[in-house]
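*Asks:* Provided herewith is a single structure, encoded as structure tokens, for subsequent inquiry.
The values are calculated or read from the model by the stated rules, or taken from the named source; none is laboratory data. Remember, predicted model here, so these are calculated numbers, not experimental data. All Cβ positions, glycine included, derive from the backbone under ideal geometry; neighbour counts span all protein chains shown.
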Amino acid sequence: MNSSAIKKQVLTLIILAGLAATSYGTQEAVRKYEKLFPLTDRASLEISNRYGSIDIRNWDREEISVEVLVKVTHASQETADRQLSHISVNFTQVNNSVSAVTTIDQRISRPGSRWFSSGEDGPGITIDYIVYAPRETDLKISHRYGDVFVNEATGHTLIELWYGNLQANKIIRDNTRPLSEITLAYSPKATINEAQWLKVNMRYSDLTVETCRALVVSSRYSKLRVESASSIVSEANYSEYILGRINNFVSEGAYTNYSINTLLNSLDVESRYGNVRVDNVPPGFSKVRFVGSYGNMRMGLDERASYKIESSASYGTVTIPQSERVNRISRGQQSTLSGKVGDDPSPSAVIEINTRYGNVNLNPRR
């Protein structure tokens, strides 16, 4: 037998072995839950899940529908069936409060156990929720290792998501306390199209918000993008903020860089080991306060802007447009500025700067 024929036979055996392995590895065990909960008043819904997805949709009926599909795949049908028997979804309803909780036996959910695997090449567990509920339903969602989708939520909303993506079209509860709140951990892609008042906690995550009224953010090792917002208040560490059109921005940060396209009214930033850049500041702004160390700040002020300036710098500089109404004092590595910039003899806008080991540039944008 020549070498070409041998190669063909070997290749055929490899392909057949691969097909056999693929067929052998796709045994499934499936269970489906369907529950319908009638309501007499405004409702609350709590869901706790792992390994799958949660999809919250809306309808106008006075009831909540919960459909759960549990699927286990394994090379062995017997093992898949056994794993499925150790997974349950427990439903409860007390008046208008509904809950659905996924329970998985520790023997199959513990990483490292002989039954556990969530990879594409091995056995796995997926538990997918599809929910229909009125928009005003209060939501409490806790989910790990999977994605969450929310169409529209006007009630109080609490979402805790670890190791998964979030897509929310609208989270539009007002400023009634407590605020709606989202917690993200190791979430590579989270998107909110529209929000009103919202609190966000982020760790090792990436969040994009298209438009919001007020955002309260705590971030670590994360990236935040906001296209448009009235007000943002944040505490940031080892993060990156990319902001579009913002009225008011307040932040205390360390090892964080801030980029703002347009600032309309006020900015108050205390920053260590990070940079601040604002591309456009129109004449109508009210106040800018920056306290920085080991980082720079650049603001693209409109050349028509008038403002009062008070600044101090240590081992750094503060650069402003030339003005005869500003007193400048320099002593060694220390310098101060005090006075007025612009044509308005009595400007209402105020800029306060205190920088150490960093430079601040307030020259108009070109």
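*Asks:* Please verify whether segment 227-235 includes one or more residues that are free of Cβ contacts under 8 Å to residues at least 40 places away in the same chain, in contact with a Cys (Cβ under 7 Å, 6 or more places away or on another chain) and more than 24 Å from Asn354 (Cβ to Cβ). Spell out the reasoning first.
*Replies:* Taking segment 227-235 and keeping what is free of Cβ contacts under 8 Å to residues at least 40 places away in the same chain, we get 227-235.
In the following step, the residues that additionally are in contact with a Cys (Cβ under 7 Å, 6 or more places away or on another chain) were identified as 229.
Keeping just the survivors that are more than 24 Å from Asn354 (Cβ to Cβ) gives 229.
Yes - at least one qualifying residue is present in segment 227-235.
*Asks:* Please indicate, with yes or no, whether at least one residue in segment 287-298 is surrounded by fewer than 16 Cβ atoms within 10 Å (Cβ to Cβ) and of a type in the set (Gly, Ala, Ser).
*Replies:* Scanning segment 287-298, I find no residue that is surrounded by fewer than 16 Cβ atoms within 10 Å (Cβ to Cβ) and of a type in the set (Gly, Ala, Ser), so the answer is no.
*Asks:* Checking Gly358 against (1) over 22 Å from Gly244 (Cβ atoms); (2) in contact with a Pro (Cβ under 8 Å, 6 or more places away or on another chain); (3) not in a strand (DSSP E or B): exactly one of these is not met. Which one?
*Replies:* Of the numbered conditions (1) over 22 Å from Gly244 (Cβ atoms); (2) in contact with a Pro (Cβ under 8 Å, 6 or more places away or on another chain); (3) not in a strand (DSSP E or B), the odd one out for Gly358 is (2).
*Asks:* In segment 111-139, which residues are hydroxyl-bearing (Ser, Thr, Tyr), assigned to a loop (DSSP other than H, G, I, E, B) and at pLDDT 95 or above?
*Replies:* Result: Thr137, single match.
*Asks:* Considering only residues that are within 17 Å of the chain's Cα centre (by Cα) and surrounded by fewer than 18 Cβ atoms within 10 Å (Cβ to Cβ), which ones fall in segment 241-252?
*Replies:* Once the filter is applied, which keeps residues that are within 17 Å of the chain's Cα centre (by Cα) and surrounded by fewer than 18 Cβ atoms within 10 Å (Cβ to Cβ), segment 241-252 yields Ile242, Gly244.
*Asks:* Something else now. Go through (1) surrounded by 17 or more Cβ atoms within 10 Å (Cβ to Cβ); (2) more than 19 Å from Ile242 (Cα to Cα) one by one and return the number of the condition Ser222 breaks.
*Replies:* (2)
*Asks:* For the list (1) modelled with pLDDT under 95; (2) surrounded by 15 or more Cβ atoms within 10 Å (Cβ to Cβ); (3) at negative phi, I need the number of the one condition that Gly342 fails.
*Replies:* Condition not satisfied by Gly342: (3).
*Asks:* Could you tell me which residue of segment 49-80 is nearest to Gln27 (Cα to Cα), considering only residues that are surrounded by fewer than 17 Cβ atoms within 10 Å (Cβ to Cβ) and touching a Leu at 6+ places or on another chain (Cβ under 9 Å)?
*Replies:* Ser65
*Asks:* If I filter segment 314-336 for residues that are among the acidic types (Asp, Glu), free of Cβ contacts under 8 Å to residues at least 24 places away in the same chain and farther than 19 Å from Thr262 by Cβ, do I get at least one hit?
*Replies:* yes
*Asks:* Tally the residues that are surrounded by fewer than 22 Cβ atoms within 10 Å (Cβ to Cβ) and assigned to a loop (DSSP other than H, G, I, E, B), restricting the search to segment 164-178.
*Replies:* Residues in segment 164-178 being surrounded by fewer than 22 Cβ atoms within 10 Å (Cβ to Cβ) and assigned to a loop (DSSP other than H, G, I, E, B): 8 in total.
*Asks:* Oh, and also: Tell me which residues, restricted to segment 301-329, are of a type in the set (D, E, K, R) and in a strand (DSSP E or B).
*Replies:* Selection gives Lys308, Glu310, Arg328.
*Asks:* Could you count how many residues in segment 140-163 are of a type outside the set (S, T, N, Q) and not in a strand (DSSP E or B)?
*Replies:* Of the residues in segment 140-163, 3 are of a type outside the set (S, T, N, Q) and not in a strand (DSSP E or B).
*Asks:* If Glu310 passes every condition in (1) modelled with pLDDT of 95 or more; (2) under 33 Å from the mean Cα position of the chain (by Cα); (3) surrounded by fewer than 17 Cβ atoms within 10 Å (Cβ to Cβ) but one, which one does it miss?
*Replies:* (2)
*Asks:* Of these, Ile242, Ile246, which one is more than 24 Å from Pro188 (Cα to Cα), among the hydrophobic types (A, V, I, L, M, F, W, C) and modelled with pLDDT of 95 or more? Walk me through it before giving the result.
*Replies:* Values: Ile242 fails: more than 24 Å from Pro188 (Cα to Cα).
Ile246 is the lone residue from the list that is more than 24 Å from Pro188 (Cα to Cα), among the hydrophobic types (A, V, I, L, M, F, W, C) and modelled with pLDDT of 95 or more.
*Asks:* What's the number of the condition Glu28 fails, among (1) buried (at least 17 other Cβ atoms within 10 Å of the Cβ); (2) at pLDDT 90 or above?
*Replies:* (1)
*Asks:* On the basis of being assigned to a loop (DSSP other than H, G, I, E, B) and within 22 Å of Asn151 (Cα to Cα), does Arg61 make the cut?
*Replies:* Criteria met by Arg61.
Residues are listed down the side, and each one gets a yes or a no for (1) outside any strand (DSSP E or B); (2) touching a Gly at 6+ places or on another chain (Cβ under 6 Å); (3) under 16 Å from Glu352 (Cα atoms); (4) small (Gly, Ala, Ser):
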site: Ser259; (1), (2), (3), (4): no, no, no, yes
site: Leu264; (1), (2), (3), (4): no, no, no, no
site: Leu267; (1), (2), (3), (4): no, no, yes, no
site: Glu270; (1), (2), (3), (4): no, no, yes, no
site: Asn280; (1), (2), (3), (4): no, yes, no, no
site: Gly284; (1), (2), (3), (4): yes, no, no, yes
site: Val288; (1), (2), (3), (4): no, no, yes, no
site: Val291; (1), (2), (3), (4): no, no, yes, no
site: Met299; (1), (2), (3), (4): no, no, yes, no
